[in-house]
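The values are calculated or read from the model by the stated rules, or taken from the named source; none is laboratory data. Given the structure is predicted, the values throughout are model-derived calculations rather than measurements. Here the Cβ positions follow ideal geometry from the backbone for every residue, glycine too, while neighbour counts run over all protein chains shown. The area values use the complete protein model at the heavy-atom level, side chains included, leaving out ligands, DNA and RNA. Shrake-Rupley method; radii C 1.70, N 1.55, O 1.52, S 1.80 Å.
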Amino acid sequence: EMRPEGGGEPVRGFEVGLEDTILFPEGGGQPDDRGLIGDVPVLRVTRRGAEAVHFVPAALEPGAEVLLSLDWERRFDHMQQHSGQHLISAIAEQMFGFKTTSWELGRQRSVIELDTPLVTAEQVEALEKCVNEKIRDRVPVTVRELAADDPEIETVRSRGLPDDHVGPVRVVDIKDIDSNLCCGTHVSNLSDLQVIKLLGVEKGKKNKTNLVFLAGNRVLKSIEQSHSTEKALTSLLKNGPGEHVEAVKRLQSSVKLLQKNNLNLLRDIAVLIAQDFKSKPAPKQLFVLHRKEGDSEFMNIIANEIGTEETLLFLTVGDEKEAGLFLLAGPVEAVENLGPRVAELLGGKGAGKRGRFQGKAAKMSRRGEVQALLQEFISHQNPGA
């Protein structure tokens, strides 16, 4: 079984070994490739010792000769991010002495963990400028293999080899900039990176800083996304991108004011509703009210104003046909007895203490059934009424 990327139900399938493969297994901070064996999709590629294990949903014939094809768009994206990381890490160390302790190639953006508690905005700007100069200089990137006992390995930047490593060691060189022990896939020239955008820094683990970056096509995708968001906001806010922030601030403050006014009006209405009920000569044993725009404070004000020693109150707010909130208030024993039954009828959950039971209701359309239950309860309490 295999858990898909991004979660979800486990997938059942088969593990396939090939004589040789063009599909990269997870490693070195880089996710695995996708592709096809014949016409069977490869869902995951992992490393087991020196072997690549391909996870597929259908069985394949052992010993058969198969044609492999690769999801090139995914691979090239990973190459751009990974070579971009080597370049950024090397220049960050040369310029500021910041060592890279780990990195992560994410789906949307990638993160380099730097061994420093602080990276300033000026340093980020200088670093971005320098890495993009190297891209414009069209610096070659080459790969070589060294024997595991070659003394030159000591001079190469590395975070150590996996415990189960066998065979020669792979070194990725960015000419005159970096030599790095790495199993990942890389571009053959920095010009293939197109551009690197550093999105700034975020607080990392203790005394570390996370540097967030995009390389190559991800920069274009990000601009496309930002541009379509800006277009949508321009049409909604009826002004240009430069005024969006101010427009949203104005909207927020006017919404705040409206909410405050609304709350004050609801409070006044709650008090008036309670006073109106109390002033009527009719029996005051049961009070039922629904109001779409109310909230839990609205219901509690009514309950406080009416007083719940003699009266049983059933109050609801929200959409009368869908979900909302309810409050049952009244004599303590009655509420303890009826509260859970009311919640159950309304398809909701609630909790209560001291004569108040309130919660969420999923089925507000069943308010009539609750009212019938309460009326029946009251007539049992007062058989002569």
* To do: Please indicate, with yes or no, whether at least one residue in the range 27-35 is farther than 27 Å from LEU127 by Cβ and free of Cβ contacts under 8 Å to residues at least 24 places away in the same chain.
  => yes
message: When you check MET95 against the structure, is it touching a Ser or Thr at 6+ places or on another chain (Cβ under 8 Å) and of a type in the set (A, V, I, L, M), yes or no?
response: no
If you go through GLU113, GLU93, the only one that is out of contact with any Gly (no Cβ under 8 Å at 6 or more places or on another chain) and modelled with pLDDT of 95 or more is GLU93
Only one of ARG291, ARG250, ARG267 is open to solvent by 30 Å² or more (accessible area, probe 1.4 Å), of a type outside the set (S, T, N, Q) and not assigned by the TED database to the domain that holds LYS349, namely ARG250
Contact list, first residue from the range 120-132 and closer than 10 Å to LYS197 by Cα, second anywhere and outside any helix (DSSP H, G or I) and modelled with pLDDT under 95, beta-carbon distance below 6 Å, six or more apart or interchain, is none
Reported set for the range 351-370 where residues are touching an Asp or Glu at 6+ places or on another chain (Cβ under 9 Å), part of a helix (DSSP H, G or I) and not charged (D, E, K, R) is MET364, SER365
Result of the Cβ filter at 7 Å on the range 224-240, keeping first residues that are closer than 21 Å to GLN108 by Cα and partners that are open to solvent by less than 80 Å² (accessible area, probe 1.4 Å) and not hydrophobic (A, V, I, L, M, F, W, C), at least 6 apart or interchain, is GLU230/PRO241
Filtering the range 39-57 for residues that are more than 17 Å from GLU5 (Cα to Cα) and open to solvent by 40 Å² or more (accessible area, probe 1.4 Å) leaves a count of 4
Over the range 248-302, the set of residues among the basic types (Lys, Arg), in contact (Cβ under 8 Å) with a residue 12 or more places away in the chain and not in a helix (DSSP H, G or I) is LYS284, ARG291, LYS292
Residues of the range 341-383 being free of Cβ contacts under 8 Å to residues at least 12 places away in the same chain, farther than 17 Å from THR311 by Cα and not acidic (Asp, Glu), in sequence order, are LYS349, ALA351, GLY368
Q) Do we find a residue being among the hydroxyl-bearing types (Ser, Thr, Tyr), touching an Asp or Glu at 6+ places or on another chain (Cβ under 9 Å) and in the same structural domain as LYS206 (by the TED database) anywhere in the range 138-147? A) yes
Residue pairs within 6 Å by beta carbon, gap of at least six or interchain, first lying in the range 66-81 and over 19 Å from CYS183 (Cα atoms) and open to solvent by 30 Å² or more (accessible area, probe 1.4 Å), second in a loop (DSSP other than H, G, I, E, B) and not basic (Lys, Arg), listed first then second, are VAL66/GLY38; LEU68/ILE22
